[in-house]
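Data first, discussion second: the structure below is written as structure tokens.
Nothing in this text is a laboratory measurement; each read-out follows from the coordinates by a stated rule. Treat the numbers as computed from the prediction; the structure is a model and nothing was measured. Ideal geometry is used to build each Cβ from the backbone, glycine not excepted, and the neighbour counts take in all protein chains shown.
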Amino acid sequence: MVSEKDTPGGKAKPETAVAPVSTPAPEAVTAAPETAPHSANTSETAPAAPASSEAQAAEIIRKHVLLSAAAGVIPLNFVDTAALAVVQLRLLKELSELHGVDFRGDIGRSAVGTLFATVAPTALAGGLLGSMAFNMALRSVPVIGTVTRLATQPAFNSAFTYALGKVFQQHFASGGTFLTFQPEKVKTYFREKFEEARRRKGTAPEAAPAAA
């Protein structure tokens, strides 16, 4: 823009007015909107509820009943008895661990012997121990000894192990330990479970609901 200005003693000179230079406004930075992290709407799978101690105990008893039956067909003298003792002590050990009870093998062996004496008269009256004694005499006889063992020993082992497991499961579940176990007080219950197992001919007694 040009304007005229009077100067002393002369003609007015045009004056150029310098327009202020406008600095360009800083470029607006357009920030991209932050994308919120995409949360997948996936529901966490809840862990399966652990089996109850009763169900676990029933499974432990079932497993050892089958093992004790298998021990009854071992053809070597006294090896089957030793195998059965190992199975039954392991049964007591696993049941005690399930209930957080300290395992005592010496008390366990003593309890097994006492409870065996409890059912011995009943088994003998039913002919089972008589058959077992006959089986012992026939072990050296080919074929006959094997057939007799298959007919008697596994059935007795299974029934005895089942009753043993049931007695100790009830004892541990009620807060008992090996130190407080008194065979005299459980003889009736033990005999009931032993007879219950013997009546289930050809069926696994542990497969029934674990109702003590």
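Here THR114 and GLU54 are evaluated by their C-beta separation; at R0 = 35 Å the FRET efficiency comes out at 0.85.
The calculated FRET efficiency for ALA70 paired with PHE103, based on their beta-carbon distance and R0 = 22 Å, is about 0.45.
With both labels modelled 7 Å from their Cα along Cα-to-Cβ, the ALA85 to ALA173 distance reads 3.0 nm.
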